[in-house]
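Q: Attaching a single structure in structure tokens format; questions to follow.
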Amino acid sequence: MNYLMPAQGSAQLLSLIVFGTLATWYVAPWLKTRGRADALVALLWIHVFRYLALQAFSAQRDGFPISNGGLMEIVVGDLTGMVIALITIVALRYRVRLSIPLAWLLVVETIYDTFLNIRGGIHEHLMGAAGGVTWLTLGFYVPLLMVSLVLIIWQLYSRRGEALAPIQFDRSSSETARRRARHGDELRRYRPGGPDRVPSREPDLFLPLAEHYSLSQRARPMPGSRLGRDGPIREVASTSLSVCRSRTLS
């Protein structure tokens, strides 16, 4: 008995179940937290890798029994889908209104290309004939494309009345880096031998900076002591000085 065809069909079915479960439990809830354009872009990137179909030329040389016409049909269809997906991503990136019709065009093209591939595979008796990279592509990547296509259709239809949100850049990381660099400069400036003034915008630097001054150096008010709420910070006994680490500076 030839198990090649059942093995390939089982791999595709199991991949559909696995990817469908992941999409239902994790991907779909995550997409709801994103803007319409960002959600579509994340799904469209999966279709950009459809140029993997170019591997069919190598598969034919190594014995995959596909005709030249069927080969060109697969390659042209997948490369067309890849180009449409890439153009749609760029259009969504810049919030071009034509991006939504382009996404629908990709949906139509993918459905038509899938229909042609199934018809060609049945006509040329290719089911179960794949091997190597071609088998992995049919068993894993093609089901992933189908699941992503369903998600794209869901996003396009369910959010059809939603406008494309303007581009928003996350500046939190750069702001944090700048604040840390500024705090590091303050620590270096107010070590022993440095200036005596601490900017009023950073009063919480007083106690962390106290670690850098010995008792002999605290005979005079601590740097910036005129800014203290309860008067100048002056020398105290080492047993009564409690340095509060309420804020970690790096």
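The values are calculated or read from the model by the stated rules, or taken from the named source; none is laboratory data. Given the structure is predicted, the values throughout are model-derived calculations rather than measurements. Reconstructed Cβ throughout: ideal geometry from the backbone, glycine too, with neighbour counts over all protein chains shown.
Q: Tell me yes or no: at least one residue of the range 33-43 is surrounded by 14 or more Cβ atoms within 10 Å (Cβ to Cβ), farther than 20 Å from Leu156 by Cα and of a type in the set (D, E, K, R). Break it down into steps so the answer makes sense when it comes.
A: Within the range 33-43, the subset surrounded by 14 or more Cβ atoms within 10 Å (Cβ to Cβ) is 34-43.
Now restrict to residues that are farther than 20 Å from Leu156 by Cα: none.
Looking through the range 33-43, none of the residues is surrounded by 14 or more Cβ atoms within 10 Å (Cβ to Cβ), farther than 20 Å from Leu156 by Cα and of a type in the set (D, E, K, R).
Residues are listed down the side, and each one gets a yes or a no for (1) of a type in the set (A, V, I, L, M); (2) surrounded by 12 or more Cβ atoms within 10 Å (Cβ to Cβ); (3) outside the structural domain of Gly128 (by TED's automatic domain parsing); (4) farther than 21 Å from Glu162 by Cα:
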site: Val18; (1), (2), (3), (4): yes, yes, no, yes
site: Asp62; (1), (2), (3), (4): no, no, no, yes
site: Gly69; (1), (2), (3), (4): no, no, no, yes
site: Thr80; (1), (2), (3), (4): no, yes, no, yes
site: Arg93; (1), (2), (3), (4): no, yes, no, no
site: Arg97; (1), (2), (3), (4): no, no, no, no
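Q: Could you list, in sequence order, all residues of the range 116-150 that are of a type in the set (Gly, Ala, Ser), crowded, with 19+ Cβ neighbours inside 10 Å and part of a helix (DSSP H, G or I)? Before you say what the answer is, go through the steps one by one.
A: From the range 116-150, those of a type in the set (Gly, Ala, Ser) are 120-121, 128-132, 139, 148; that's our starting set.
From what is left, the residues that are crowded, with 19+ Cβ neighbours inside 10 Å are 130, 139, 148.
Matches in the range 116-150: Gly139, Ser148.
Q: Which count do you get for residues in the range 17-44 that are touching a Leu at 6+ places or on another chain (Cβ under 9 Å) and closer than 19 Å to Thr110 by Cβ?
A: 10
Q: Restricting to the range 38-76, what's the tally of residues that are farther than 14 Å from Gly132 by Cα and in a helix (DSSP H, G or I)?
A: Total satisfying the criteria: 24.
Q: Could you please tell me which pairs satisfy a Cβ distance under 8 Å, a separation of 6+ or placement on different chains, a first residue in the range 36-47 that is under 19 Å from Ala163 (Cβ atoms), and a second residue that is hydroxyl-bearing (Ser, Thr, Tyr)?
A: From the range 36-47, the pairs are Ala37/Ser99; Leu40/Thr88; Leu40/Ser99; Leu43/Ser148; Leu44/Thr88.
Q: Checking Tyr51 against (1) farther than 30 Å from Gly120 by Cβ; (2) surrounded by fewer than 19 Cβ atoms within 10 Å (Cβ to Cβ), only one condition comes out false. Which one?
A: The number of the failed condition is (1).
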